[in-house]
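Step one of this worksheet: look at the structure below.
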């Protein structure tokens, strides 16, 4: 049995709590949040102990791993503290807000001998896994280009104050950009070697970005376009199209995969599954086998590097080029 603690009791923490409770080999023992009301309500809902100081949670000797589900600017501080406390780390994406912070978390985990998993849950969505298997089969030929589009209302859900502030890691790009970059790397099985992008706040006038458009060149020669916005008013769209040599492949939302041939789309059956349960199960298997984590710190660092390079490209109005990297992609 693996005992779990959660730091941060916001929206995504509920998904982790439900996943932990649904698995036979995990139990949720503790949760921490700076708000006593939030911490107590969360603990009552999921049958665990509430803490208002994350250090109290980390001081417990009955936890195997800790989920960090905090605002992005707190990831580095709490991630390093979790490593020093000797707890395995399940860090929600993005790993941190700078590459240096990513390096510090990775180094702390290595020095403490604890595993570090970055919660890029798109690696565990059934439709994504189906599409990944189709690509890996090579029956459609290489991917020539990809277009990933996610348009939604900025205030489609209540936004906490930190989400409106770039300094805290808020906004659509720092929240959702990691998903889009991560899943392109995942599907294309390659790293990004250059970007040119425009990132800003055209709709709402905040310090946090509400739109981004980025052109990515991958080491394997594939080009990809990311289009993302949190508009004032529009139509929600979330789809990825991969134009392969022999066909088109399409992912609609997170549920539907289709093959485009002879001017028509044919839907591919996808098995049901819960991505949050799947990633906790995968992390536990890695802990038991002593093989690190399903999504490594190096992978999370690479996503952050591309994420920030897009912002830098936008500020400078120029292309950002990278040196090659050697992270494991399989």
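Just so it is clear, none of the values below were taken in a lab; they were calculated from the coordinates. Given the structure is predicted, the values throughout are model-derived calculations rather than measurements. No Cβ is skipped: glycine too gets one built from the backbone with ideal geometry, and neighbour counts run over all protein chains shown.
Between residue 268 and residue 215, the simple label model (points 7 Å from Cα in the Cβ direction) yields a spacing of 2.9 nm.
Just the projected area, averaged over all directions, of the convex hull on the alpha carbon atoms of the range 219-330: how many nm²?
Details: hull surface 43.9 nm².
For the range 219-330, averaging the hull's shadow over all directions gives 11.0 nm².
To the nearest whole percent, what portion of all C-alpha pairs in the range 8-47 is separated by more than 16 angstrom? Here the long-distance tail beyond 16 Å is 26 percent of all Cα pairs in the range 8-47. Rounded to the nearest 5, what is the percent of antiparallel bridges among the DSSP beta bridges in the chain? Of the beta bridges lying entirely in the chain, close to 55 percent run antiparallel.
For the range 37-164, the Kirkwood hydrodynamic radius comes to 17.6 Å, computed from all pairs of different C-alpha atoms. Bridge orientation summary for the range 140-259: considering DSSP beta bridges with both residues in this region, about 80 percent are antiparallel. Relative to the longest principal axis of the Cα atoms of the chain, the long axis of helix 126-136 lies at roughly 50 degrees. For the range 37-110, the Kirkwood radius over C-alpha pairs fed into Stokes-Einstein at 4 °C and 1.567 mPa s yields D = 100 µm² per second.
Modelled label positions at residue 289 and residue 111, each set 7 Å beyond Cα in the direction of Cβ, lie 3.0 nm from each other. In nm, to one decimal, how far is the modelled label at residue 22 from the one at residue 37, with both set 7 Å along Cα→Cβ? Roughly 3.0 nm, to one decimal.
Counting every alpha-carbon pair across the range 120-240, the share separated by more than 17 Å comes to 58%. Report, to the nearest 10°, how far helix 275-289 tilts away from the longest principal axis of the Cα atoms in the chain, using its own Cα long axis and a range of 0 to 90°. Helix 275-289 and the main axis of the chain meet at about 70 degrees. Across the range 139-208, Cα-Cα pairs more than 17 Å apart make up 53 percent of the total. Quick one: grab the alpha carbon gyration tensor of the range 194-251, order the square roots of its eigenvalues as a ≥ b ≥ c, and give me rounded if a/c is under 1.5, else prolate or oblate depending on whether a/b is larger than b/c. Taking the square roots of the gyration eigenvalues as a ≥ b ≥ c, the range 194-251 is oblate.
Once the chain from residue 14 to residue 77 is taken as fully extended at 0.36 nm per residue, the excess over their C-alpha distance is 20.5 nm.
Computed from Cα atoms, the angle from the helix 11-22 axis to the main principal axis of the chain rounds to 70 degrees.
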